[in-house]
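**Student:** If you scroll down you'll find the structure; I have some questions about it.
The values are calculated or read from the model by the stated rules, or taken from the named source; none is laboratory data. Only a predicted model underlies this, so the values are computations on that prediction, with no experimental measurement involved. Ideal geometry is used to build each Cβ from the backbone, glycine not excepted, and the neighbour counts take in all protein chains shown.
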Amino acid sequence: MGGEKVLKSRQFELLIYLLKYRKSTYGELAELLAVSKKTIERDIDRLSGIGIPIYCTQGIGGGVYLDEKYQFASSFFTPEEIHHIILALSVADSFTVTQRKDAIIQKLCLLDSSLTTLVERDMQDYLSIDLVDAPIDTDTEICKVINYCLDEQVLAQVDGISNVACLEYVLKRDGLYLFAHAQDYILLKVTEITTIEPTEVEFDRSFLSYSQFRKNSR
């Protein structure tokens with residue numbers, strides 16, 4: 001999936017936390033971000049893989065550390081990246097029930113207040129978004145379970161369908177869908193899912209992405 005090439009919001013939140021406190025533990029981070037320790041391990045590997053100096057120690061006094069000398073450089077985001085981030089936030093707020101753009105922009109302003117504020121003001125002046133027929137609520141219990149299955153890479157039972165591998169969300173004009181695999185690839189409208197229960201069975205993410213599936217289906 002394309003998302004593997006960039007930081008997920010949870011990984012970014014983990015980095016911000018370590019920038020503030022410099023030291024933590026797998027257990028503390030797992031509780032903070034409401035995921036398993038295994039997910040935290042994957043997140044730390046991802047951050048380390050892009051050059052962020054996070055290291056771990058074992059035994060008494062051990063934990064997860066961020067190098068004391070590491071600072072969030074003002075050039076971490078380019079002006080073009082700031083523009084794309086705010087565009088993405090604007091798009092997300094246009095079709096979701098819960099509005100989060102303002103809170104996120106306040107955090108961005110800590111990095112570069114003048115640039116972020118300028119881009120936000122300009123975008124409000126010239127951008128209107130009309131993508132979906134009705135607002136989408138991503139804070140439902142169904143979505144929370146889907147998110148858990150996505151993060152932990154565990155199979156689920158969905159409306160009586162067993163061994164469902166949740167792969168990714170798909171946004172269509174008529175709503176949000178779950179792209180999954182259960183013997184074959186399936187596309188389920190999230191608002192029409194009545195029950196979903198995670199299992200403890202992990203799966204290997206070796207399936208096609210939705211874009212690959214569509215390409216192969218043509």
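**Student:** Determine whether ALA134 is outside the structural domain of ILE16 (by TED's automatic domain parsing), outside any helix (DSSP H, G or I) and either among the small types (Gly, Ala, Ser) or modelled with pLDDT under 80 (or both). Break it down into steps so the answer makes sense when it comes.
**Tutor:** Working: outside the structural domain of ILE16 (by TED's automatic domain parsing): yes; outside any helix (DSSP H, G or I): yes; either among the small types (Gly, Ala, Ser) or modelled with pLDDT under 80 (or both): yes.
So ALA134 passes the test.
**Student:** Right, next: Take the residues in segment 1-24 that are exposed (fewer than 13 other Cβ atoms within 10 Å of the Cβ) and of a type in the set (Gly, Ala, Ser), then tell me which one is modelled with the highest pLDDT.
**Tutor:** Filtering segment 1-24 for residues that are exposed (fewer than 13 other Cβ atoms within 10 Å of the Cβ) and of a type in the set (Gly, Ala, Ser), the one modelled with the highest pLDDT comes out as SER9.
**Student:** Okay, next question. What are the residues in segment 102-129 that are farther than 27 Å from LEU15 by Cα and more than 23 Å from the chain's Cα centre (by Cα), if any? Break it down into steps so the answer makes sense when it comes.
**Tutor:** Within segment 102-129, the subset farther than 27 Å from LEU15 by Cα is 121-129.
The answer is ARG121, ASP122, MET123, GLN124, ASP125, TYR126, LEU127, SER128.
**Student:** Sticking with this structure for a sec: Filter segment 147-164 down to the residues that are out of contact with any Asp or Glu (no Cβ under 9 Å at 6 or more places or on another chain) and aliphatic (A, V, I, L, M), then identify the one that is farthest from PRO198 (Cα to Cα).
**Tutor:** My answer is ILE161.
**Student:** Please list, ordered by first then second residue, the pairs with beta carbon atoms under 8 Å, 6 or more apart or interchain, first in segment 164-191 and over 25 Å from ILE129 (Cα atoms) and touching a residue at least 40 places away in the same chain (Cβ under 8 Å), second crowded, with 17+ Cβ neighbours inside 10 Å and aromatic (Phe, Trp, Tyr).
**Tutor:** Note: pairs meeting the criteria are ALA165/PHE203; ALA165/PHE207; LEU167/PHE179; LEU167/PHE207; LEU167/TYR210.
**Student:** Here is a further query. Which of the residues that make up segment 7-63 are of a type in the set (D, E, K, R), farther than 15 Å from GLU152 by Cα and in a loop (DSSP other than H, G, I, E, B)?
**Tutor:** Answer for segment 7-63, where residues must be of a type in the set (D, E, K, R), farther than 15 Å from GLU152 by Cα and in a loop (DSSP other than H, G, I, E, B): just ARG22.
**Student:** Only one residue in ILE142, ILE105 is assigned to a helix (DSSP H, G or I) and in contact (Cβ under 8 Å) with a residue 40 or more places away in the chain, so which one is that?
**Tutor:** Sole residue among the options that is assigned to a helix (DSSP H, G or I) and in contact (Cβ under 8 Å) with a residue 40 or more places away in the chain: ILE142.
**Student:** Exactly one of (1) in contact with a strand residue (DSSP E or B) (Cβ under 7 Å, 6 or more places away or on another chain); (2) outside any helix (DSSP H, G or I); (3) free of Cβ contacts under 8 Å to residues at least 40 places away in the same chain; (4) under 20 Å from ARG10 (Cβ atoms) is unmet by GLN99. Its number?
**Tutor:** Result: GLN99 fails condition (1) only.
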